[in-house]
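Everything on this sheet refers to the single structure shown next.
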Amino acid sequence: MVAQSGPYYPCASTASGKVARLTTLDIPSVAPAGERSPARRAWRFSHHFEILVVSFAALVIEISYTRIISYKLFYYYVYLIIGLALLGIGTGGVLVAISKRLRRASTDQVLFWSLVFSAAATVGAYVLIAYVRIDTIAVWEYGTRASTRSFLMLLVVCVSVFASFVGPGIIISTLFGRKPDGIGGLYFADLVGAGIGCATVMYFVSNLGAPAAVMLAALAMAVVALWVSVRLHPVLRGLAVLLVAGTALLSAFPGALPDQQIDPSKTPIPQANLSASGWGTLFRVDAFQFPGFPNQINLNHDGILGSGIYRWNGTWSFLKIYKFPEDPRAIPFDVLKTPPGQVAIIGAAGGHEVLTSLYYRAEHVDAVEINPVTVHMVTTTFANFDGHLAQNPKVSYINADGRSFMARTSKHFKLVWYPAPDSYAATNGALSSAYVLTESYLYTVNGLESDLQHLTPKGIFVAQFGEVSDVYDLRTTRFVTTARQALSELGVTNATDHIMVAETQTSFLGPVPLSTILVSKSPLTHAQVANFEASVKTVPHTRILYAPGVSPPKNPINTYMQVPNAGLDHFYAAFPFNVTPTTDNDPFFWHFARYGTVLAHYNHRLNGGNREQSIGERVLLLLLGLSVVIAAIFLLLPFIAIRKTWRRLPRKGVSALFFAGLGFGFIFFEITLLQMLNLFLGYPTFSLTVVLMSLLVFTGLGALLSERIRPELHRWAVPILFVVLAGLCVFYLAGLTPLTNALLDLPLTPRILIAFGILAPLGLCLGMFMPFGLGKVAEIADAPREYVAWGWAVNGFASVVGSALAIILAMIYGFEVVLFLGLMAYLVALGAWM
């Protein structure tokens with residue numbers, strides 16, 4: 001928010017693929033009680049349908065929960081969902097390998113009870129999570145009852161989500177382990193199911209809602225349980241019918257489910273005030289009105305006030321009621337003085353800035369908004385309320401990512417306006433540190449270069465941000481440093497004549513200052529500076545933080561702008577927070593607290609007054625710690641049950657290095673490529689879907705192709721694969737961005753096909769490592785099943801931990817370093833192999 005995206009987010013389907021790869025080995029199978037041995041039995045049922053639906057359901061549950069948890073808590077908790085999905089499926093695979101009871105049960109019994117458990121657990125988990133209320137700020141008030149309770153409730157959420165994925169893990173592992181002769185068809189069905197889930201989950205979330213999508217996945221598993229029960233006792237058939245009926249009703253009437261109890265720092269909306277609501281692929285939007293404000297419909301984004309839709313009758317004179325000349329939105333128009341020709345508003349949301357542009361008689365406004373739910377509310381749901389704003393001949397309302405729109409348009413604009421594309425949500429979210437881990441490709445040097453190049457000769461770029469306080473002005477300072485670097489990249493050696501900054505103490509945002517930052521590709525004229533000063537005097541409670549030739553009271557922005565280019569590195573190092581320019585390689589604009597400082601003060605209590613300073617980073621470190629502990633408990637601790645067998649397994653340490661290298665390497669590559677293809681595909685949802693589908697398909701094909709390599713060549717296969725992987729890594733680091741930038745003008749379908757082509761060789765290569773490793777460990781021990789389970793558990797442990805670790809490393813060093821570390825992880829695996 002994969003997903004964040006978010007985002008945005010990596011998916012458990014890749015874990016499913018790893019489970020599938022485990023089964024390409026010819027592992028001895030124990031015939032369950034009541035079944036004939038595999039050598040004598042002719043299988044009557046193929047189980048393709050079962051595995052297809054289970055893979056579909058697992059993926060839908062995971063992606064849907066990333067949206068639910070983003071709404072209930074905050075965006076950065078989606079990393080917890082990713083890890084829990086990987087953990088649950090991996091735990092299912094380990095249980096199948098070490099549990100005598102599962103091995104003795106018939107295949108249909110394992111399928112039926114796993115499906116019943118999964119469907120019921122999915123419903124129960126959603127209901128339990130809905131009632132649980134977590135104060136994410138109180139977690140850090142160490143030693144208090146609220147802190148202990150919130151942490152325990154977070155663990156309840158973890159266990160609840162985890163439980164939904166154990167059943168699918170058991171089912172997939174059971175079918176693969178017991179049907180080695182039909183592995184090709186089963187594996188194909190597994191990939192098809194996960195692919196269908198990738199292709200449809202966003203449709204379900206957007207059109208049915210995330211809760212309904214979760215219930216639909218539970219219904220799918222209940223239907224399969226009914227299908228399997230036909231071959232079992234009639235009483236079990238009745239149980240399956242009841243489960244199907246219950247999940248079908250909840251899927252059709254999700255309103256019967258309890259509402260999610262959201263974080264106390266968010267804004268719950270009384271049902272009586274709710275005008276409309278929609279689950280989007282980026283965030284849930286709730287429309288409501290405050291009593292006494294008939295001209296405004298407020299839009300909450302994932303429980304935080306995000307923007308507003310304003311009443312309009314379509315006439316210019318009506319707009320006077322909003323008193324725009326006294327609003328900080330007037331500043332860019334006052335600086336331009338004459339009505340702008342073309343205006344681009346990136347993050348148009350409900351259209352307040354569009355109305356401002358029309359008030360100042362802009363000739364045409366391209367209003368770009370990424371969230372389709374918001375666009376639908378403006379264009380359709382409340383079209384009569386907003387005077388059919390989107391249908392106005394001077395307005396084009398465009399549902400697109402702002403960065404992608406600017407990269408493709410051939411237009412040049414007099415005004416490019418970022419009215420904080422996160423709008424009020426950026427301000428309100430900042431109060432709870434909600435955006436700290438959000439990757440924003442709008443606020444990067446690369447993005448601003450593109451925006452400045454789309455200005456007319458006298459055009460200006462404007463960004464507005466709400467601040468938590470005016471002590472450090474962190475958002476404003478960081479955006480100014482990023483703009484200064486972008487100007488430098490465009491050949492501007494002295495940025496002091498190209499930037500102006502003002503700050504307004506607003507009433508509509510509460511006690512929160514709003515910064516207005518103006519950037520010009522050409523040196524600002526004396527007239528523009530004079531217009532800026534006059535505007536600041538007109539807008540109430542506004543002061544200048546920086547302008548050429550102006551000497552305001554001391555503040556961080558003015559101090560920074562006086563620093564010569566040669567002294568910038570020293571300024572960044574000495575500044576109490578991280579305000580270095582953000583780039584596409586490290587697009588974490590809201591990440592201000594350095595991890596060294598966070599770790600040094602991790603044992604210190606936090607309170608509401610310093611939320612922004614480290615809570616997001618603390619959360620990610622907490623999730624990393626939870627990942628380590630929970631993964632160790634559910635993936636490694638079960639080996640106590642077979643400790644005698646485990647102790648005699650040879651070369652456990654070396655094999656652990658191999659499988660851990662694969663786990664870390666795979667997840668590092670996956671997360672990095674999700675980010676690197678985000679701009680090219682033009683929308684976070686497309687990046688998520690395309691990258692996951694591509695890796696699913698091609699890692700699966702790679703695993704199947706590995707079977708065709710003769711055993712005597714296996715020793716050299718892994719070194720050759722590493723050489724190929726190193727070459728691909730060099731291409732992704734040096735050639736991927738130039739290639740995708742050169743092809744940005746292509747329509748979406750060719751870009752999707754190109755992305756598949758870019759990822760195909762990587763998937764084929766990565767898909768071969770795991771089967772070779774599992775095959776090798778199965779040969780060197782007298783307990784191949786247990787040794788394979790050990791390798792799978794270590795690999796799963798690394799994948800779970802790596803999903804959080806990759807983001808921490810990206811925030812510190814950038815995604816390119818994470819990609820390189822992924823290659824180094826495979827180098828460790830190569831060393832263990834040799």
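The values are calculated or read from the model by the stated rules, or taken from the named source; none is laboratory data. Computed from a predicted structure; not experimentally measured. So basically every Cβ, Gly included, is an ideal-geometry build from the backbone, and we count neighbours across all protein chains shown. Just the protein is used for accessible areas: all its heavy atoms, side chains included, with ligands, DNA and RNA removed. Shrake-Rupley method; radii C 1.70, N 1.55, O 1.52, S 1.80 Å.
Things to note:
- Going by accessible surface with a 1.4 Å probe and the largest first, HIS412, HIS570 read HIS570, HIS412.
- Here the label points at HIS570 and VAL550, each 7 Å from Cα along the C-beta direction, are separated by 2.8 nm in the simple model.
- For segment 702-771, the relative contact order comes to 76 percent (Cα pairs under 8 Å, sequence separation of at least 6).
- 3J(HN,Hα) along segment 254-260: x, x, 6, 6, x, 5, 5 Hz, from the Karplus curve 6.51 cos²θ - 1.76 cosθ + 1.60 with θ = phi - 60°, whole Hz, x for Gly and Pro.
- Size check on segment 545-589: the Cα extents along the three principal axes, sorted descending, read 35, 19, 18 Å.
- The length gained on full extension between ALA199 and PHE731, counted as 0.36 nm times the residue separation minus their Cα-Cα distance, comes to 188.7 nm.
- Per residue solvent-accessible surface (Å²) - segment 758-807, probe of 1.4 Å: 20
- With coordinates expressed along the principal axes, the C-alpha atoms belonging to segment 249-369 extend over 58, 31, 28 Å, beginning with the largest.
- Heavy atoms of HIS601: accessible area, 1.4 Å probe, square angstrom to 10: 80
- Calculated over segment 724-773: convex hull of Cα atoms, volume per residue (Å³): 64
- Largest to smallest accessible area among THR315, THR542, THR476 [probe 1.4 Å]: THR315, THR542, THR476
- With a Förster radius of 25 Å applied to the beta-carbon distance between VAL828 and GLU779, the computed FRET efficiency rounds to 0.70.
- Solvent-accessible surface of segment 213-362, averaged per residue with a 1.4 angstrom probe and all protein chains in place: 39 square angstrom.
- Kirkwood's formula applied to the C-alpha pairs of segment 305-344 gives a hydrodynamic radius of 12.2 angstrom.
- Where labels lie 7 Å past Cα in the beta-carbon direction, separation of LEU743 and LEU599 in nm: 4.0
- Label-to-label distance, VAL723 versus VAL156, with points set 7 angstrom from Cα along the beta-carbon direction: 5.8 nm.
- Computed Rg/Rh of segment 442-491, alpha carbon atoms with Kirkwood Rh: 1.02
- FRET efficiency estimate (nearest 0.05) - Cβ-Cβ, PHE293 to THR456, R0 41 angstrom: 0.65
- When the inverse distances between all different Cα atoms of segment 777-834 are averaged and flipped, the Kirkwood radius reads 13.1 angstrom.
- Centre-to-centre, using Cα atoms only, segment 263-295 and segment 618-667 are separated by 43 Å.
- The heavy atoms of TYR418 present about 0 square angstrom of accessible area, all protein chains included, probe 1.4 Å.
- Heavy-atom accessible surface of the chain: percent carbon and sulfur, 1.4 Å: 63
- With the whole protein complex present, GLU363 retains an accessible surface near 120 Å², based on a 1.4 Å probe.
- A Förster distance of 56 Å, applied to the separation of the beta-carbon atoms of ALA527 and VAL629, puts the FRET efficiency at 0.35.
- Given their separation in residues at 0.36 nm each and the Cα-Cα distance between them, GLU712 and LYS323 gain 132.0 nm when the chain is fully extended.
- Chymotrypsin sites (Phe, Trp or Tyr not before Pro) within segment 313-373: DSSP coil, no more than 12 neighbouring Cβ in 10 Å: TRP316
- Helical runs (DSSP H, four residues minimum) scored at -39500 (n - 2.57) apiece and divided by the length of the chain put the mean residue ellipticity at 222 nm at -18000 deg cm²/dmol.
- D_trans [Stokes-Einstein, Kirkwood Rh over alpha-carbon pairs] for the chain, 37 °C, 0.692 mPa s, µm² s⁻¹: 117
- Pair-distance profile P(r), taking every C-alpha pair of segment 683-834, with 5 angstrom steps and integer %: 2, 8, 14, 19, 22, 15, 10, 6, 3, 1, 0, 0
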